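Engineer: Okay, here's the structure, questions in a sec.
The values are calculated or read from the model by the stated rules, or taken from the named source; none is laboratory data. Keep in mind it's a predicted model, so treat the numbers as computed, not measured. Quick reminder, even Gly has a Cβ in these numbers, built from the backbone with ideal geometry, and neighbours come from all protein chains shown.
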Ligand SMILES: [Zn+2]
């Protein structure tokens, strides 16, 4: 499932390819945009807010979309996907952009984009450094919620998907089931997650360990029943069906033991980030790091 970093990189790719180009023809098959005709409009900007993609045109319209689980965009040649899956096809001067299986797609006046993304919490992958204290304040508004459920709620913070909801608690040594209001040092956990996703949004791939081999990109995500990479305890997990927030999850019962009050271990986070370029952004991202 695409997360904020993936959508940000997609927006950048569309931008590099088509910004400044005029639309020659558009074919909309999604019933919500069936009257949309972009012919003659020029794409002036693309943006990502959380997991939402925004394409702004010079006629004051914004086409927006959310990829959810299965959606993707084909850029360049005409998409080979079956016609009924091509919800929107746009022919620019130099090639095609096709939204395939995109479950949420629509058009809104650029001045009204707030109606699409206004409900979202601070954006992790935006151009400005997110306000970590504001994110923490939102997270603890419902103190009894499990940590992973709270960070996946895009109204609290926009951008984290399930990979980060599994990996960030591991890095901070906190159970994904720990009630968010009983975590001391929650800001450090959010800072670590923010540093990772912002770095990955710029560089790709979606890597949380800093190791290069593809199978070593994540610490515990997708490794249920395997030994913990840090202490060798067998990892526990929940399936989508059993998880209270309906997403697969994995944790180490030893490193991430639940407690009445759980304290984030800053040394553990620093150790986890040793190999990852995100270490330059943790705990505080400064303007120098963006160069
Ligand atoms: Zn462990």
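Engineer: Restricting the search to segment 121-144, which residues are crowded, with 19+ Cβ neighbours inside 10 Å and touching a strand residue (DSSP E or B) at 6+ places or on another chain (Cβ under 8 Å)?
Structural biologist: The answer is 121, 122, 123, 124, 125, 130.
Engineer: In segment 164-176, is there at least one residue being closer than 18 Å to residue 220 by Cα, free of Cβ contacts under 8 Å to residues at least 24 places away in the same chain and not assigned by TED's automatic domain parsing to the domain that holds residue 47? Spell out how you get there, then give the answer.
Structural biologist: Here is the first cut: in segment 164-176, the ones closer than 18 Å to residue 220 by Cα are 164-176.
Filter once more, so that each one left must be free of Cβ contacts under 8 Å to residues at least 24 places away in the same chain: none.
No, segment 164-176 contains no residue that is closer than 18 Å to residue 220 by Cα, free of Cβ contacts under 8 Å to residues at least 24 places away in the same chain and not assigned by TED's automatic domain parsing to the domain that holds residue 47.
Engineer: Just a yes or no: is a residue in segment 31-46 outside the structural domain of residue 240 (by TED's automatic domain parsing), modelled with pLDDT under 95 and assigned to a loop (DSSP other than H, G, I, E, B)?
Structural biologist: Yes, segment 31-46 contains at least one residue that is outside the structural domain of residue 240 (by TED's automatic domain parsing), modelled with pLDDT under 95 and assigned to a loop (DSSP other than H, G, I, E, B).
Engineer: Check whether at least one residue in segment 206-219 is within 16 Å of the ligand (Cβ to nearest atom) and touching a residue at least 60 places away in the same chain (Cβ under 8 Å), and report yes or no.
Structural biologist: yes
Engineer: Ok, one more. Could you please tell me which pairs satisfy a Cβ distance under 7 Å, a separation of 6+ or placement on different chains, a first residue in segment 97-115 that is assigned by TED's automatic domain parsing to the domain that holds residue 57, and a second residue that is assigned to a helix (DSSP H, G or I) and surrounded by 15 or more Cβ atoms within 10 Å (Cβ to Cβ)?
Structural biologist: Correct list of pairs: 97/14; 97/18; 100/85; 101/85; 105/33; 106/33; 107/33; 108/116.
Engineer: Only one of 256, 206 is closer than 29 Å to residue 12 by Cβ, buried (at least 18 other Cβ atoms within 10 Å of the Cβ) and touching a helix residue (DSSP H, G or I) at 6+ places or on another chain (Cβ under 7 Å); which?
Structural biologist: 206
Engineer: Continuing with this model, one more query. Looking only at segment 250-264, which residues are away from the ligand (no atom under 14 Å from the Cβ) and more than 16 Å from residue 165 (Cβ to Cβ)? Before the answer, list the steps.
Structural biologist: Step one: list which residues in segment 250-264 are away from the ligand (no atom under 14 Å from the Cβ), which gives 259-264.
Selection gives 259, 260, 261, 262, 263.
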